[in-house]
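> I am attaching a structure below and will ask some questions about it afterwards.
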Amino acid sequence: MTTKILTARMEAHPEDSHTLARYESTGGYDALRKALAEMTPEQIVDSVKASNMRGRGGAGFPMGVKWGFLAPAEPRYLVINADESEPGTFKDRQLLERDPHQLLEGILISSYALGVDQAYVYIRGEYPKPARRLQRAIDEAYGAGLLGENILDSGFSLDVSIHLGGGAYICGEETALLNSLEGRRGEPRLKPPFPAVEGLYAKPTIVNNVESISNVPWMTLNGGDSYAAIGPERSSGTRLFSLSGHVKKPGNYEIVMGITWAELIYELGGGIRNDNALKAWIPGGASAPWLVPSEHLDTLVTIDDAAEQGTMLGSGAIVVMDETTNVVAAARNIVKFFAHESCGQCTPCREGTSWLDDILQRILDGQGRPEDIDLLLDVSDNISPGLAWPPAMTTICPLGPSATAPITSIMRWFRPEVEAMIPMSEVASA
Amino acid sequence: MSNPISHWSPANQERASRLLEAYPDRRSALMPLLYVASLEHRYASDDAMEEVAELTGITAAQVRSVATFYTMFKQAPVGEYLISVCTSISCHLLGGEDVLESVEEAAGVEHGSTGEDGLFSVEHVECIGACGGAPAVQVNYELIEGVMPDRAGALVGWLRDTKPDVVLADEMQQLFGGVRSFDWGPTEAEGAIRPVPAFAPYGSAREGR
Ligand SMILES: Cc1cc2nc3c(=O)[nH]c(=O)nc-3n(C[C@H](O)[C@H](O)[C@H](O)COP(=O)(O)O)c2cc1C
Ligand code: SF4
Ligand code: FES
């Protein structure tokens with residue numbers, strides 16, 4: 001049996017799943033009605049805690065636990081992270097375009113639970129269509145008395161506004177996002193204080209991902225414990241994975257965690273294009289260390305199993321590479337991304353990422369020197385001492401350390417291939 | 001006090017005041033206002049930044065420091081059509097660089113620059129959230145997925161020949177696109193009138209054919 005929570009409506013009603021009429025005719029806003037009429041805010045927080053759901057934005061932090069940290073000061077804010085910029089990730093785009101009312105109902109219930117009367121949705125600037133779809137949903141909701149003052153005569157009021165980003169990956173980091181929303185450069189803040197205590201305008205703020213909040217209506221209707229009962233214990237619920245690269249059937253797949261990577265890549269993804277051999281895959285967005293078929297095809301897709309393999313499910317983006325892939329070029333592509341997106345506050349990140357980029361480019365140009373192998377690892381170790389995963393931090397945010405993931409991956413799994421690209425490297429290893 | 005944006009269109013002036021009221025702190029309207037100002041000035045020009053500074057009550061230097069942090073506030077005039085080609089990992093694996101090359105060739109413009117006639121600007125960009133439909137391209141931030149290099153060249157030719165007033169993703173996808181990240185569902189009526197994300201509150205969206 002397949003359980004679909006997030007994508008059930010858009011699959012059943014592809015022609016109009018984004019409209020209020022279709023949403024309401026398929027049970028939409030029943031959860032809000034239930035919450036406002038029958039539940040206290042505390043009961044909703046308890047239900048979210050009981051769900052054991054771990055955030056879908058990348059860090060995998062339990063949503064209920066985060067909500068529990070919200071400080072009592074007022075006003076408080078709810079900010080939805082729709083910056084989705086981690087290379088390989090395109091799931092929130094589908095949720096925004098195809099079922100914006102599901103997110104909006106999640107925002108409404110969450111705001112009621114958290115004592116919030118103003119929510120912001122920070123959508124990356126390159127997502128105008130998702131922004132338009134959500135704005136239309138917001139307009140429809142105001143028109144129907146589902147947003148604004150005294151919603152459904154409950155006494156609860158909420159305003160929701162969309163804020164477009166300006167093209168900066170780092171604004172997906174929650175404190176950079178808050179700075180950006182305040183009209184500042186998108187530079188991550190030092191923590192503590194955490195946003196739940198001092199966030200937007202220094203007020204208590206909860207930041208959650210689009211997919212995380214889109215689960216709240218279902219949890220509210222069916223109970224957090226029913227959500228917890230889906231899938232493995234510490235990876236509960238369904239999850240939307242973005243599958244891309246050299247697979248036959250790329251796309252977003254909503255699955256219950258706990259299947260194997262082989263099932264995900266070969267059954268859901270239809271296998272590798274041209275029936276080529278699988279070389280490696282990135283299991284959780286560009287920031288994640290890679291996995292390889294010889295070791296990992298039969299391991300499980302859960303948050304904890306990924307951690308055991310020294311990587312993460314991150315944003316749920318799986319990028320598949322076949323045998324034709326030049327792994328040094330792929331690693332350089334990812335390192336260049338981080339070099340470009342570094343906000344520049346921390347020296348190891350700002351300088352280290354461009355050094356790594358330069359060294360990899362030199363190797364690709366056939367100008368690599370035997371000592372470049374050690375240099376790559378040495379520079380990486382300066383950004384992220386010990387090269388462990390999750391990485392040790394010398395920086396304000398995890399962006400810098402993430403840039404070492406492709407380096408350690410190619411060194412661990414494809415070192416002979418990297419060495420072979422360096423003229424005379426056999427001399428060095430002799 | 002004089003109105004720093006009295007020369008803006010009345011509709012954009014009204015949008016500006018609505019955006020300023022949308023936040024507890026005026027400064028939060030900075031980025032949205034930069035988009036509206038970019039419509040008025042074709043890019044985030046010195047004048048645009050000064051006007052936004054006056055509206056938000058901070059200095060022009062502060063606005064510049066923010067504007068230059070983000071890639072979508074352009075520091076030089078942009079062409080009628082901004083063509084952005086993704087070269088991040090999923091697109092890279094499926095030929096994004098080749099797509100970029102054929103766009104450059106067809107437009108006669110190198111990435112990072114604007115043609116002399118002001119018709120095209122070309123840039124390569126990091127992941128635009130269309131990896132399941134790689135390689136992906138945007139025209140004025142409207143998306144086309146599964147664009148093969150030859151179709152990308154044809155897209156540029158079509159833009160040059162038809163010069164659409166409103167750039168529509170569905171229309172371009174149908175003509176030049178291929179594999180998509182997911183079923184897009186029904187056709188979208190609104191599109192972009194300029195190289196600014198097409199979003200009604202910012203005045204940058206309009207219904208097309
Ligand atoms: C460099 C960086 C980029 C991030 N990008 C995103 C993003 O695009 N979307 C997102 O939801 N979370 C992103 N995050 C995670 C957020 O900081 C935050 O943990 C998340 O929004 C919390 O929501 P969740 O608990 O519901 O996952 C990013 C983190 C880092 C360090
Ligand atoms: S690690 Fe990099 S991106 Fe993060 S705060 Fe430091 S310089 Fe900025
Ligand atoms: S990598 Fe090109 S759209 Fe994501």
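> Using a 4.7 Å Cβ cut-off, which Cys residues in chain B lack a partner cysteine?
B:C127, B:C131
> Still on this model: So, taking all protein chains as they sit and a 1.4 Å probe, how much accessible area belongs to A:I170, in Å² rounded to tens?
Accessible area of A:I170: about 10 Å².
> While we're looking at this one, here's another question. Given Cα pairs under 8 Å that are at least 6 residues apart, what percent is the relative contact order of chain A?
16 percent
> Can you list, bin by bin at 10 Å, the percent of alpha carbon pairs in the range B:120-209, starting at 0?
Percent of pairs per bin, in order: 17, 51, 31, 1.
> Enumerate by residue number the GluC sites (Glu not before Pro) in the range A:202-256 meeting two conditions: DSSP loop (anything except H, G, I, E, B), and at most 16 other Cβ atoms within 10 Å of the site's Cβ.
A:E233
> Still on this structure, I have one more. Keeping the other protein chains in place, figure out the carbon and sulfur percent of the accessible area of the range A:8-228, with a 1.4 Å probe.
Its accessible area is 51 percent carbon and sulfur atoms.
> Starting from the Cα-Cα distance between A:R234 and A:F69, subtract it from 0.36 nm times their residue separation and give me the gain in nm to one decimal.
57.4 nm
> Moving to a separate point now. Report the net charge of residues surrounding A:V319, where surrounding means a beta-carbon distance below 12 angstrom and charges are Lys +1, Arg +1, Asp -1, Glu -1.
Charge balance in the 12 Å sphere: -1.
> Moving on to the next point. Considering only DSSP beta bridges where both residues belong to chain B, give the percentage that are antiparallel (nearest 5).
65 percent
> Return the distance in nm (one decimal) between the two label points of a simple spin-label model at A:D225 and A:E308, each offset 7 Å from Cα along Cα→Cβ.
2.8 nm
> Can you give me the orientation-averaged projected area of the convex hull built on the Cα atoms of the range A:325-430, in nm²?
That works out to 6.1 nm².
> Go ahead and estimate [θ] at 222 nm for chain A from helices alone: -39,500 (n - 2.57) per DSSP H run with n ≥ 4, summed, over the residue count, rounded to 500.
After summing the helix terms and dividing by residue count, I get -11500 deg cm²/dmol.
> Treating only the Cα positions of chain B as identical point scatterers, give the base-10 log of I(q)/I(0) from the Debye formula at each q in 0.09, 0.18 Å⁻¹.
With no solvent term, the Cα-only Debye profile gives -0.37, -1.21.
> So for the range A:8-228: antiparallel DSSP bridges make up what percent, rounded to the nearest 5?
10 percent
> Assuming R0 = 45 Å, can you tell me the calculated FRET efficiency for the pair B:T187 and B:D47, based on Cβ-Cβ distance, to the nearest 0.05?
Using R0 = 45 Å, I get an efficiency of 0.75.
> With an 8 Å cut-off on Cα pairs and a minimum separation of 6 or more residues, tell me the relative contact order of chain B in percent.
18 percent
> Quick one: what do you get for the range A:1-81 if you divide its Cα Rg by 2.2 N^0.38 Å?
Ratio of Cα Rg to 2.2 N^0.38 Å: 1.34.
> Which three extents, in angstrom, do the Cα atoms of the protein assembly as shown have along their principal axes, listed largest first?
Principal-axis extents of the Cα atoms in the protein assembly as shown, largest first: 78, 61, 45 Å.
> Order B:E116, A:E323 by their accessible area, 1.4 angstrom probe, all chains in place, largest first.
B:E116, A:E323
> Give me the net charge for the shell around A:P14: Cβ to Cβ below 10 angstrom, other residues only, Lys and Arg +1, Asp and Glu -1.
Spelling it out: positives minus negatives among the neighbours equals -2.
> Could you give the distance between the Cα centres of the range A:219-287 and the range A:30-65, to the whole Å?
One Cα centre to the other: 23 Å.
> Another question about this same structure. State the percent of C-alpha pairs, over all pairs in the range A:8-228, separated by a distance greater than 30 angstrom.
It works out to 15 percent of all Cα pairs.
> OK, next. Run the simple label-point estimate for A:S157 and B:D161 please: 7 Å along Cα→C-beta, distance reported in nm.
Here the modelled spin labels are 5.7 nm apart.
> Kindly identify residues of the range A:232-250 having a loss of at least 20 Å² in accessible area between the isolated chain and the assembly of all protein chains, probe radius 1.4 Å.
The answer is A:S244, A:G245, A:H246, A:P250 - residues whose exposure falls by at least 20 Å² when every protein chain is included.
> Next up: For chain B, take the longest principal axis of its alpha carbons; what is the angle in degrees between that and the long axis of helix B:10-21, to the nearest 10 within 0 to 90?
On a 0 to 90 degree scale, this one is about 80.
> Let me ask another. From Cα pairs below 8 angstrom and at least 6 apart in sequence, can you work out the relative contact order of the range A:1-138, rounded to a whole percent?
Result for the range A:1-138 is 31 percent.
> Moving on to the next point. How big is the charge dipole of chain A about its Cα centre, in debye rounded to the nearest 20, if each Lys and Arg gets +1 on its Cβ and each Asp and Glu gets -1 on its Cβ?
Charge dipole of chain A: 440 debye, to the nearest 20.
> If a paramagnetic tag sat 7 Å from the Cα of A:E417 along the Cα-Cβ line, which residues of the range A:321-345 would have the backbone N under 15 Å from that point?
In the range A:321-345, the label zone of A:E417 (backbone N under 15 Å from the point 7 Å along Cα→Cβ) covers A:321-334.
> Hey, rough spin-label estimate for A:A12 and B:R206, points 7 angstrom out along Cα→Cβ, what's it come to in nanometres?
4.0 nm
> Right, here's the next one. Write down, largest first, the equivalent ellipsoid semi-axes of the range A:234-387 in whole Å, where each equals the square root of 5 times an eigenvalue of the alpha-carbon gyration tensor.
29, 19, 13
The values are calculated or read from the model by the stated rules, or taken from the named source; none is laboratory data. Everything numeric here is computed off the predicted structure, so don't read it as measured data. With ideal geometry, Cβ positions are generated from the backbone for all residues, glycine too; neighbour counts draw on all protein chains shown. Areas reflect the complete protein model, heavy atoms only, side chains present, ligands, DNA and RNA absent. Shrake-Rupley method; radii C 1.70, N 1.55, O 1.52, S 1.80 Å.
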